[in-house]
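Presented below is the structure to which this report refers.
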Amino acid sequence: EVQLVESGGGSVQAGGSLRLSCAHSGFNPNFYSMGWFRLAPGKGKEREGVAGVSSDDITDYAESVKGRFTAFRDSANNTMYLQMNSLKPEDSAIYYCAATPEGPNVNSAARLNPHFMDSWGKGTLVTVSS
């Protein structure tokens with residue numbers, strides 16, 4: 001069974017940094033795309049795509065985080081990371097790790113679309129104060 005466990009959330013002031021981690025197991029990462037999504041309380045129920053990483057380390061980012069966030073995967077440690085710099089109050093949300101088997105329909109756009117993801121972690125809370 002696919003297992004995804006996020007960690008690293010917390011409270012920071014605007015302009016600060018956090019690094020989120022997603023430990024994964026139960027699947028072969030060579031055949032899966034992964035991504036980071038977020039859900040802000042009171043902003044609806046659909047999760048927003050933040051960053052996606054393919055099995056061969058192709059990355060995609062939401063326009064709102066480009067230049068500030070970096071996602072990468074460490075295959076040796078079975079972990080995906082999200083380095084978040086220059087944080088803004090509007091980045092406050094629960095951040096989720098997700099994964100899906102790669103196939104013809106899983107491309108760069110799909111990796112930022114929550115409907116393409118099959119498995120989810122339980123999330124980690126990030127709060128950015130002004």
Notebook entry, point to check: In the chain, what % of DSSP beta bridges are antiparallel (nearest 5)?
Noted result: 90 percent
Item checked: Value of D in µm² per second that Stokes-Einstein yields for region 1-89, Kirkwood Rh from Cα pairs, at 4 °C (1.567 mPa s) -> 93 µm²/s
Notebook entry, point to check: If you take the charge dipole of the chain about its Cα centre, with +1 on Lys and Arg Cβ and -1 on Asp and Glu Cβ, which of L4, S54, L18 is farthest toward its positive end?
Noted result: L18
Next item on the list: Collect residues whose amide H, placed 1.01 Å from N in the peptide plane, falls under 5 Å from the amide H of G16; neighbours closer than 5 in sequence don't count.
Entry: L87
Notebook entry, point to check: Cross-link partners among lysines for K122, C-alpha distance below 17 Å, same-chain residues fewer than 8 apart left out?
Noted result: K45
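With a probe of 1.4 Å, find how much accessible area the chain has per residue, and write the answer as a whole number in Å².
51 Å²
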Next item on the list: Calculate what fraction, in whole %, of the accessible area of the chain sits on carbon and sulfur atoms when a 1.4 Å probe is rolled over the protein chains.
Entry: 47 percent
Check: Taking the chain as a Gaussian network, where each spring joins two C-alpha atoms under 10 Å apart, which residue of L18, L82, L112 fluctuates the most?
Finding: L18
Next item on the list: Per residue of region 41-48, in order, report the coupling 6.51 cos²θ - 1.76 cosθ + 1.60 (Karplus, θ = phi - 60°) as ³J(HN,Hα) in whole Hz, putting x for Gly and Pro.
Entry: x, x, 10, x, 9, 7, 6, 8
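The values are calculated or read from the model by the stated rules, or taken from the named source; none is laboratory data. Quantities reported herein were computed from a predicted structural model and do not represent experimental measurements. We place every Cβ from the backbone using ideal geometry, glycine too, and count neighbours over all the protein chains shown. Keep in mind that these areas ignore ligands, DNA and RNA; they rest on the heavy atoms of the full protein, side chains included. Shrake-Rupley method; radii C 1.70, N 1.55, O 1.52, S 1.80 Å.
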